[in-house]
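The next block holds one structure in the form of structure tokens; read it before the comments.
Where a number appears in this text, it was derived from the coordinates with a stated rule and is not lab data. Treat the numbers as computed from the prediction; the structure is a model and nothing was measured. Using ideal geometry, Cβ is built from the backbone for each residue, glycine included, and neighbour counts are taken over all protein chains shown.
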Amino acid sequence: MVDYSKMRRSDREVTSLSDILDILRRTQTIRLGLNGNPYPYVVPISFGFEAPSDGGTSGVAIYIHGASEGLKHNLIANDNHVCVEADITHRITVRGEGDDKSITTEYESVIGYGTAETVTGAEAEKGLALLLEHSGHPDIAYEKTILEKIIVYKITLTDIKGKRNIL
């Protein structure tokens, strides 16, 4: 079993839930990692989210949607364990001179692991509202019948970490 809790550069780890959620707020797209066979499948996707009610880092809920058929849908149906990744690249920085010159990326990122489940009814409507709000379009109205044509997934993260390199 892989230990996902270890971070090589712990000096860059973001441990505060409010800071992790702030990174998510400023990120427009997450990458959803799914278990495929023989390769992993990663897809960029829009999302909405909410913090856990108990204030802990376990239980952050990510909402996504998609068609009721296709590779993403099939892979989640086969194995609902997922990984989500979000990042913001601020800039590439060159430090030093001559032989001491180094290049680094200033960034903030979040990675989380959890399970995806299909939600319906009021929970699906809440998920779409959070997605529209996060996308900057909270006032877009949609016909409720659209919920018959799409699937809304709730990804409950059991582990979430943040990382940043800001000089």
Here the membrane-span-like helices of the chain, with no claim about any membrane, defined by DSSP H, Cα axial extent at least 18 Å and mean Kyte-Doolittle at least -0.5, are 121-134
Counting only DSSP loop positions in the range 62-150, the chymotrypsin sites (Phe, Trp or Tyr not before Pro) whose Cβ has at most 13 other Cβ atoms within 10 Å are Y142
Length-normalised contact order of the range 1-143, Cα under 8 Å, at least 6 apart, in percent, tallies to 25 percent
Per the 1/(1 + (r/R0)^6) rule, R0 = 30 Å and r from the Cβ atoms of R26 and S68, FRET efficiency to 0.05 is 0.45
Full extension between T105 and T156 adds, at 0.36 nm per residue less the Cα distance, a length in nm of 15.4 nm
Rounded to one decimal in nm, the spacing of the 7 Å Cα→Cβ label points at S46 and T89 is 2.3 nm
In a Gaussian network model of the chain with springs linking alpha carbons closer than 10 Å, the residue among P40, P138, P52 that fluctuates most is P40
For the range 8-167, the dipole about the Cα centre with charges only on Cβ (Lys and Arg +1, Asp and Glu -1), to the nearest 20 debye, works out at 280 debye
So, with points 7 Å from each Cα along the Cβ direction, the I146-N165 label distance in nm works out to 3.9 nm
Cross-link reach from K154 to lysines, straight Cα distance under 17 Å and at least 8 residues apart if same chain, gives K72, K126
